[in-house]
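Below is one structure, written out as structure tokens, with a few remarks after it.
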Amino acid sequence: MPFCPTKVGSITLDECTRCGGLWVDSRSFRRICEETEEQAVVLKTTEGSPGEPVGTGRPTRYWPCPECRRLMHRQNFARVSGVIIDTCRGHGAWFNQGELRRVVEFVRAGGMDRARERDLTEMREERARLRQAERAARSELASSWRSGGEARTGDVEILSAVRGLIDWIS
């Protein structure tokens, strides 16, 4: 892809001269997400094109990272934004035309706080589910012991694994 460096505030992005997409390195993207001044510049300087709607019938294509050439991962930014971006964990993110603007609008509208709250709620629910599973397993094991049965090695291992998972999540 032919790239042209584009200055957006104090950050330099690489813009594709063919499609108008943007490559943003990890450090710069983090600054855009965290600094309101950078967000304001992005909103002023990027087009408001909504990009291609989801489900247009075109096949999903995985693109290589411009830095390492490995295929990037497609993900819904913050899991709830509705903006699907291509990311390389070590190098950065690719934004089709209009997507960076949509991410910034999501961030400025409090989307990151909502995403964090959703993640915390999901973790609490999973922790409660695991504790319930642990109680059920303990109860079943105790019932088996009371009726003269023996603890199977697998029962103890499963119980231990559940306890470890609960501790890890907590």
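The values are calculated or read from the model by the stated rules, or taken from the named source; none is laboratory data. Note that this is a predicted model, so its numbers are computed, not measured. Here the Cβ positions follow ideal geometry from the backbone for every residue, glycine too, while neighbour counts run over all protein chains shown.
Taking into account only those residues within the range 13-49 that are farther than 19 Å from Asn96 by Cβ and exposed (fewer than 14 other Cβ atoms within 10 Å of the Cβ), which is nearest to the chain's Cα centre (by Cα)?
The qualifying residue nearest to the chain's Cα centre (by Cα) is Arg30.
Every residue in the range 16-45 that is touching an Asp or Glu at 6+ places or on another chain (Cβ under 9 Å), of a type in the set (Gly, Ala, Ser) and part of a helix (DSSP H, G or I), please.
Listed by number, the list holds a single entry, Ser28.
For the condition under 20 Å from Asp119 (Cα atoms) and either at pLDDT 90 or above or part of a loop (DSSP other than H, G, I, E, B) (or both), what is the one hit in Gly48, Gly57, Gly82, Gly90?
Answer to the selection: Gly82.
Report every pair of residues separated by at least 6 positions or lying on different chains whose Cβ atoms are under 9 Å apart, first residue within the range 95-108 and under 14 Å from Gln75 (Cβ atoms), second surrounded by fewer than 20 Cβ atoms within 10 Å (Cβ to Cβ) and of a type in the set (D, E, K, R).
Asn96/Glu52
Yes or no: Glu67 of a type in the set (Asp, Glu), in the same structural domain as Val24 (by TED's automatic domain parsing) and crowded, with 16+ Cβ neighbours inside 10 Å?
Judged against the criteria, Glu67 is not a match.
His91 passes all but one of (1) surrounded by 15 or more Cβ atoms within 10 Å (Cβ to Cβ); (2) within 20 Å of Thr46 (Cβ to Cβ); (3) not hydrophobic (A, V, I, L, M, F, W, C); which number fails?
Of the numbered conditions (1) surrounded by 15 or more Cβ atoms within 10 Å (Cβ to Cβ); (2) within 20 Å of Thr46 (Cβ to Cβ); (3) not hydrophobic (A, V, I, L, M, F, W, C), the odd one out for His91 is (2).
Got a sec? Which of Ser143, Ser147, Ser170 is at pLDDT below 90, in contact with a Lys or Arg (Cβ under 9 Å, 6 or more places away or on another chain) and exposed (fewer than 11 other Cβ atoms within 10 Å of the Cβ)?
Ser170
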